[in-house]
Each structure stands twice: as C-alpha cells, then as structure tokens.
Amino acid sequence: MADKKKPIFDYERCMACGICSGDCPLSCIAMRKTDIDSYQKAYPVLDEYYRCTGCTRCAKACPVAAIRMM
Amino acid sequence: MRVQVYPPPFANLTDLDEDGMMVLSPGARLSTVYRRLKIPLVLQPLLICHVNYQRVKLSTQLKDGDIISFMLPLAGG
Amino acid sequence: MVDLSDATFDEIKIPDMIYEHFLSGVGLGAYILYKYLPQGADPLGPDNILGFVSGLLTGTGSFMTGRWLAVCKSPLTGGFGDANCGGTFSPAIKQSGYDGIFFKGQAQTPKMLFIDNTGPQLLDAADLWGLDTVATEAAINQKITANKKLAIATIGPAGEHQSLIAGISNDGGRMAARSGVGTVMGSKKLKAVVLAGSKMIRSQDSEAIKAISQDYAKKVKASNLPAIATGAILPIMGKSMVATDKAIPIDGMLSTAIIKKWGTGFTNTMGMTMGDTPVKNWKGSVADFPYRKYRHLNPDHIQKHEIKKYHCYSCVIGCGGVCDISGISKGRFLHTHKPEYETVAAFGSLLLNQDRDSLFMINELLNRGGMDSISAGNTIAFAMECYEKGWLSQEVTGGLDLTWGNAPAIITLVEQMIAGVGFGAILQHGVKKASEILGIESAPLAIHAGGQEPGMHDPRMDPILGIHYSCDPTPGRHTIGAGSYYTYMRIWEDVTWAPKVKLGEDKNDEYEATTQVGLKSMINACTKQILDGSGGCFFALVSGLNHFKIFDYLNAATGWQKTPNEYMTIGLRMQTLRQAFNVREGINPRDFKMNERLSGNPPLAAGPLKGKHFDIDEMMGIHYQFMGWDKKTGIPTKTALEDLGFCDLEMEGFIHG
C-alpha cells in the first residue's frame, strides 16, 4: 500500500494566511508554530498527521505555493 | 527619467509635480531623491523608505518608473 | 432560507444574473431582504430576515477576502442593517454549500443551526441560552464533534435580552456588532449557527488569482517597521499629518507595516494629536485628555499582553491578537482579543478614562456579552455628560458615580447593560433610546446618526466621514468612506472618471459641498459595496487598489470581463438598492443626519480641530445628487432606478423621488 502524501510547509514562502487550515476538510492543519518571526504570527503545522488523507486541497489552495506534498 | 515619489509630510515638495513624479537624470541614486526632498540629515535614519516595495541602500541607482515610498500611517478604520 | 417557526429549510437557487447585478455578500443580502421581507416588517418580529453572507471572492485563493456580513432589517435604525466581521466564519459559509444562510420566523425555544456535509439541522439550544459567547462556543464544541473544526457564530446575553446594540460573535469575540444584528438573532431565539461543511469553492481562473495574491504578499512581506520604531513615534506622526493643509498622497502598502505591528491600536495615540479621536462625548479635545493621560493608551503597552497574532482567513497582514489578561483581571478572564482602536477610544478618550487595565476588562465583557463597543461607549459618554450637567441623580444611576474617567463605574455599567439591569437597562438600547427615556432636553447630547452611534473618527477632521455617517443606508459607520480613504485607495488608476488627488491639494476644499466632494463620496460608497460584496477587508482597500487588485480578482474568479467602471455601476446599484429598501420601509433619508456637534455646530474651542465646521445639509445634498438620488430628499429617482436596470429584475415596490 502506497504511503499517503502529507503536506510539508515552506515557511520562507508561507504568509501565515490560514487558507490551508481553513480549507482542510478534516481540519488537520492548525495555525500554531510561532518561533518563525518576531511578529509572533501563527504559522501552519500538520497537527493531525494520521488523519490527513493526502487529499492535496491545502497544497492546491495555497496562493504562494508554500506547500508540497511528500 | 521619471520616478514616482510618495514623500514624507515634512519634505520639500517643489521638485515633485502634482502627480508626485520627480524628474531625475538617468542613473541617479536614491540619495539624490532625499536631497531633492530636502530631508534633514538627522531625520534620515528614522525614515522608512522602499524602492518598488523593497528596502534598498541609499546608494542604489534608480531607473525610469521606479516607485519610491516613504512610510506614513493611515488614518481611519 | 431557514424558517424557524416551522423548522423547514428551503434552498433558493440564485440566477447568475443576480450575482452580476449585485455580487454576493451584502449585495446578495440586500437582494434577498428586498425580495422576501414583507414591507413594514417588525424588526423584532417573525417577518424579519437575518442573513449570514460570505463574499464573492472568499475562498478563491485571493488574499484579504475572509470577511462575512450579517444582514437584517435593523431594529436600531429601522432601515437596512448590516455588520461586517472577520475570523474564520466566512469560508465556512461557502464550504457548507451556500453563499448565504438566511433565517425567517421565530423559534419557540432556543435553537441552533448545524450544517455539515449531510445538510442542515436545527438542534435544541435551550441549555446554551444564557451563556456568554465564549462559553457558548466551548459548550458547542463539547456537544458536537465533526470531521472539520466547527465555525461558530453566536449571540451573548445582550442579544438574548434584545438590547438594540447587540452583535454576533465568532472565534471567541470577533464581532459583527453594528445595526443590532445580534438583537434580531436573539428575537428569533437563534442562539448559534454552527458550520462544519467542507465543500470545495471553485473559481474560474485560479492561476490568475494566485498571481495577484503572490504580488500582494511579496509587498506586504517586505513592509516591516525597524525595531527602533516604538509607540512613541505615533503622536509625532499624528502631529505631522495635520501640520500641513496640503494633501500628500501616501503609499498605503507601507502602512501595513504599522498595522502588522500594532493592529488598529496605532490610532490610540496618533489619533489624539491628529484630532481623529473623539474626546469627552465629542465635545472635548486633546486639551481635555493630554499626553500625560493618553500615554497610558500607547499601543506598545497593549502589545506587551499579546501572546499570539490573530488574523482572518486569507489575511497576510494579521491586525488582530490574543492577549493574556490573567494578571489584570484578577484571574477572572485568561485571554481577550486585543482591544481594537474603536473600543479603546470609545471607552478611553471618549469617557476621559485613562485606566488601560479597565479597557481590557471592558473589551472582554462586551465580547462575551455580545454587545457593540462603539454604541456602548457612545451611550455611556452621553450618560456621563448628562451626569455632569446634574440631570442624573445617584438614585437614577443606582448609586453609580458617572464622573468622567471613573473606570470602576464604567465597568459596572457595562455589566449592567449586558444583563439589562439597573441603570444599564436604560442604556442597553443605545443612545437614541436612552435619550428618549431621559427626556427631550438630553437629545442634543445624544450623538448618533439615524439611531446608530458613530465610529471613533471625527468628521470635523474629515468631513466626507460626516457625509457617510449621515447618508449611508446604515448610518453612523466609519468604514464606508472618508476623504483620506479615497486618497489611499488610488481608485483613479482604475476608474476613468474618478478625480485624482493631486500632491499639494488643499484639504480645506473638502469642507465645502463641491463637485469633487460629491464625486469622492459617491465613489467611496460604491467601492465599499464592491468590497462588501466580495468579502474583502477594509485594510486591503486602503492599502491601495493598485496593490489590492480587486477588479482583477473579481474577473479572474468569475470569468467576467468587466471594467472597473462597470464594477462601479454594480456598486452604485447595490447602494441604491439598500437606500430603496430604507425608503420602502418608511425612512426619510434626511432624518439620518448626524448630530450637528459632529459638523462643528458649535465648533470645538481647542485642539487640532479648533474652529472646524461644515454645512452637513449641503454636504448630504451633494452626495445624494452624485448618487443619482433626489438632492433634497435622498430618495432614488425614477431615472436612477431605470438606468440601473431594476425594472428588469422582477423586484417591485420601489418608491421613487
């Protein structure tokens, strides 16, 4: 059985806009990781690794192509 | 060449036309814009200035159509 | 359309043509309300319709389009009502499969609507009735589990008691607060709307949308303040803004750096030196609330409490925040949403209150209680001025000492207003009602436009604000338009007939009812409608339409190929429909004129706005004229209605001037 692909976030490109988190049909992505910039913006993390079905909606929705499915 | 300038409020505006455009000789640097706007030396480090929405050095050479913006706050909302 | 009286659901398919005429969001809301609400409906009765609408651009990959609106017939003004809000509720509406969710009728017992991928259900909410908005969300999350994180919009006790200034909250305190939308929700015994759908949102050309988004994001990412820039510079910036009467077009994109750092709080102190911030029930100035007092409201102090940034869906700026207030609330509340400028001013300078800690408490009380902070602050300011005049005995106030700046009394009064008890029972319905109860002499002190209290921005500094306070079908709102917003938008780069603001223009020109003022205010009103039809954020708009390319976004999302001029016509049609609704419901538009204290009658005696005044009647007239409405009455003319194509839309009952 092939492993499901999971989203990997490129935090250099990521704008912390929350679209990936809001679009995930199973709410697997939480806005959490804060140690990235001095503004303490919350960045996406894959909170629910095993729930993620690899549907790729997050990667497709990201306007700045900051998500790759691996 | 012409560049678009969004000046700080205390600048001298005589070198800008009514659309905020400034005429410069080709290859002029950002420091020339500061000089033409007569921005006091002591205030220069406090200003936030972007060329085409990127922070650049004062010695940067400008080109025709560049946008030079000085940061000012919005009112409202 | 959910009928709460008989618990039925009806899916209404809206033809594409309607979206092309009115967009989505507020336009869809106005269309549904005009079509389905019976003329003369009681705003607190079963015939009123309450709608939750998303925006045309929401969920399409565009940035800054995560806003939603609540629409209804307003019990506060008697006309069209809408309230704009951010958070995570907007995409959830579309993901539930609908552009808008509307409610008519009234439930017998408290209910909540739950929608997931299997469809809508009305669930019992009697055990939630009485809970505040934060507790309600927590309780619903305990009761209901779904595949997707729940998006919840709920009312608090204020809406349940049907205070006329109640709002609807989502995300633990982000409020759709104006027009009494929460009141209507409470009158329907609808406690919450809970969404858990995950349908896909499609757009025509998502690659084009992403390209625009990437461009916008790059610029915002580069706009940052250096570390040395502290809150201390803000009053100085404010002074420099008013040091000259010459208009200096600014680049709104760089201002996102300021919003990123402080959120709306940057205006707390900057507004004091500019004159933007009202003081002492709009009759004072910085002379009454000088630096040694307002320095407590320096947003740096507020930032110290911020533990995390908060932003709406699809926002790259992030003006909001979550603050830790366990220390200052004596453990009563752990967190609150960072107080917005509107709340800080309405309970700070407006009441001469310099107690910053009290502002956090009041913020959380109002968010949990589900009450509009702008209206509540204005109403308390009115009470304080009456108290100053000796018109309110301690008997009437229930022992409360309403001296200016008395923070503990203000907190108690807010709690009373939310619960609808004590002196708060008189103030809980806003300033117009409070003034009616207290007597006719108090009317000049009641600052409102058409029954709705104005936002914390002074028309004496920016007269076009006064036009929009007085002329918008939802009066008293500071987000419709202003001379400064017009300048920041740079709309003349898109709309060919929009006047360009030239460097060095005299700002004093905006105090006269000129053609320019008429055009600018007309464009403001139309653009706001386009924004609200798209689900767009006000801060994106004022960062400049040369950056926030809303027209390109709309074309890419829909496949339309409309020009900006054509979109302006759509905006005009949307605004005219809202005005036509008011006229049909018996509103005389001129009655919405704001309290003349706001137009400098009498003028302020001190501060940066000393002596400023303008003729609001003339200004209203020029706006009506450019909107295509009768200059004297503000009623849309027959020609205007025909030109905008209302005859072809099977909508009836238009009364024209």
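The values are calculated or read from the model by the stated rules, or taken from the named source; none is laboratory data. What you see is a predicted model; the values in this text were computed from it and never measured. For neighbour counting, all protein chains shown are included, and Cβ atoms are generated from backbone atoms with ideal geometry for every residue, glycine included.
Structural remarks
- Scope region C:271-294; condition part of a helix (DSSP H, G or I), of a type outside the set (K, R) and more than 21 Å from the chain's Cα centre (by Cα); matching residues: C:M272, C:T273, C:M274, C:Y291, C:Y294
- Cβ-Cβ under 7 Å pairs, at least 6 apart or on other chains, region C:495-522 side within 16 Å of C:D615 (Cβ to Cβ) and at pLDDT below 95, far side surrounded by fewer than 17 Cβ atoms within 10 Å (Cβ to Cβ) and of a type in the set (D, E, K, R): C:N508/C:D245
- Answer from C:K280, C:K309, C:K330 - the residue that is of a type in the set (D, E, K, R) and without any contact (Cβ under 8 Å) to a residue 12 or more places away in the chain: C:K330
- So C:T244, is it in the same structural domain as C:G66 (by TED's automatic domain parsing) and among the hydroxyl-bearing types (S, T, Y): no
- Between C:K520, C:K528, C:K549, the distinction of being assigned by TED's automatic domain parsing to the domain that holds C:V583, surrounded by 19 or more Cβ atoms within 10 Å (Cβ to Cβ) and within 20 Å of C:S179 (Cβ to Cβ) belongs to C:K528 only.
- Total residues in region C:138-183, condition within 14 Å of another protein chain (Cβ to nearest Cβ) and over 18 Å from the mean Cα position of the chain (by Cα): 10
- In summary, strands (runs of 3 or more DSSP E) completely within chain A and bearing 2 or more residues that are within 27 Å of C:Q303 (Cβ to Cβ) and among the hydrophobic types (A, V, I, L, M, F, W, C) occur at A:29-33.
For every residue, the table says whether it meets (1) at the interface with another protein chain (Cβ under 10 Å from one of its Cβ atoms); (2) under 17 Å from A:S38 (Cβ atoms).
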residue	(1), (2)
C:D251	yes, no
C:A257	yes, yes
C:K260	yes, yes
C:M274	yes, no
C:R295	no, no
C:C312	yes, no
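- Scanning region C:475-486 turns up no residue that is closer than 29 Å to C:M568 by Cβ, touching a strand residue (DSSP E or B) at 6+ places or on another chain (Cβ under 6 Å), of a type in the set (S, T, Y) and assigned to a helix (DSSP H, G or I).
- Within region C:428-468, tally of residues that are assigned to a helix (DSSP H, G or I), in contact with a Leu (Cβ under 7 Å, 6 or more places away or on another chain) and closer than 18 Å to C:S179 by Cβ: 2
Quick grid of which residues meet (1) surrounded by fewer than 16 Cβ atoms within 10 Å (Cβ to Cβ); (2) at pLDDT 95 or above; (3) more than 8 Å from chain C (Cβ to nearest Cβ); (4) closer than 18 Å to C:Y216 by Cβ:
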| site | (1), (2), (3), (4) |
| --- | --- |
| A:M1 | yes, no, yes, no |
| A:K5 | yes, no, yes, no |
| A:C14 | no, yes, yes, yes |
| A:C24 | no, yes, no, no |
| A:P44 | no, yes, yes, no |
| A:E48 | yes, no, yes, no |
| A:C58 | no, yes, yes, no |
| A:V64 | no, yes, no, yes |
| A:I67 | no, yes, yes, no |
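- Listed by position, the helices (runs of 4 or more DSSP H) inside region C:1-97 whose residues that are surrounded by fewer than 24 Cβ atoms within 10 Å (Cβ to Cβ) number at least 2 are C:16-22, C:25-36.
- When A:R68 is tested against the conditions (1) closer than 30 Å to C:C323 by Cβ; (2) touching a helix residue (DSSP H, G or I) at 6+ places or on another chain (Cβ under 9 Å); (3) not aliphatic (A, V, I, L, M), the lone failure is (1).
- Test: residue in region C:458-474 that is of a type in the set (F, W, Y) and in the same structural domain as C:N546 (by TED's automatic domain parsing): yes
- Just one of the listed residues (B:L41, B:L62, B:L58) is in contact with a helix residue (DSSP H, G or I) (Cβ under 6 Å, 6 or more places away or on another chain) and away from chain C (no Cβ under 13 Å), and it is B:L58.
- Subset of region C:184-209 (residues that are touching a Pro at 6+ places or on another chain (Cβ under 9 Å), more than 14 Å from chain A (Cβ to nearest Cβ) and assigned to a loop (DSSP other than H, G, I, E, B)): C:K188, C:K189
- Some residue of region C:284-293 being away from chain B (no Cβ under 14 Å), surrounded by 22 or more Cβ atoms within 10 Å (Cβ to Cβ) and more than 14 Å from C:I236 (Cβ to Cβ): yes
- Inclusion of C:S213 among residues that are in a helix (DSSP H, G or I), in contact (Cβ under 8 Å) with a residue 60 or more places away in the chain and either among the charged types (D, E, K, R) or within 14 Å of chain A (Cβ to nearest Cβ) (or both) is warranted.
Quick grid of which residues meet (1) of a type outside the set (V, I, T); (2) buried (at least 24 other Cβ atoms within 10 Å of the Cβ); (3) touching a residue at least 60 places away in the same chain (Cβ under 8 Å):
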position: C:I374; (1), (2), (3): no, yes, yes
position: C:F382; (1), (2), (3): yes, yes, yes
position: C:G390; (1), (2), (3): yes, no, no
position: C:L400; (1), (2), (3): yes, no, no
position: C:I411; (1), (2), (3): no, no, no
position: C:G420; (1), (2), (3): yes, no, yes
position: C:Q428; (1), (2), (3): yes, yes, yes
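- Wholly enclosed strands (runs of 3 or more DSSP E) of region C:300-344 bearing at least 1 residues among the aromatic types (F, W, Y) and within 30 Å of C:D215 (Cβ to Cβ): C:306-310
- Residue in region C:455-466 that is farther than 23 Å from C:D615 by Cβ, among the small types (G, A, S) and either crowded, with 24+ Cβ neighbours inside 10 Å or in contact with a strand residue (DSSP E or B) (Cβ under 7 Å, 6 or more places away or on another chain) (or both) present: no
- Of everything in region C:221-249 that is farther than 22 Å from C:G483 by Cβ and among the aliphatic types (A, V, I, L, M), the residue that is nearest to the other protein chains (Cβ to nearest Cβ) is C:A222.
- Residue within region C:32-42 that is away from every other protein chain (no Cβ under 14 Å) and without any contact (Cβ under 8 Å) to a residue 24 or more places away in the chain present: yes
- Just one of the listed residues (C:A232, C:A243, C:A192, C:A196) is loosely packed, with under 15 Cβ neighbours inside 10 Å, touching a residue at least 12 places away in the same chain (Cβ under 8 Å) and small (G, A, S), namely C:A232.
- Residue, farthest from C:G320 (Cα to Cα), within region C:43-74, restricted to residues that are within 14 Å of another protein chain (Cβ to nearest Cβ) and of a type in the set (A, V, I, L, M): C:L57
- Residue selected from region C:598-657 under the condition on the phi > 0 side of the Ramachandran plot and loosely packed, with under 15 Cβ neighbours inside 10 Å, by the criterion modelled with the lowest pLDDT: C:E650
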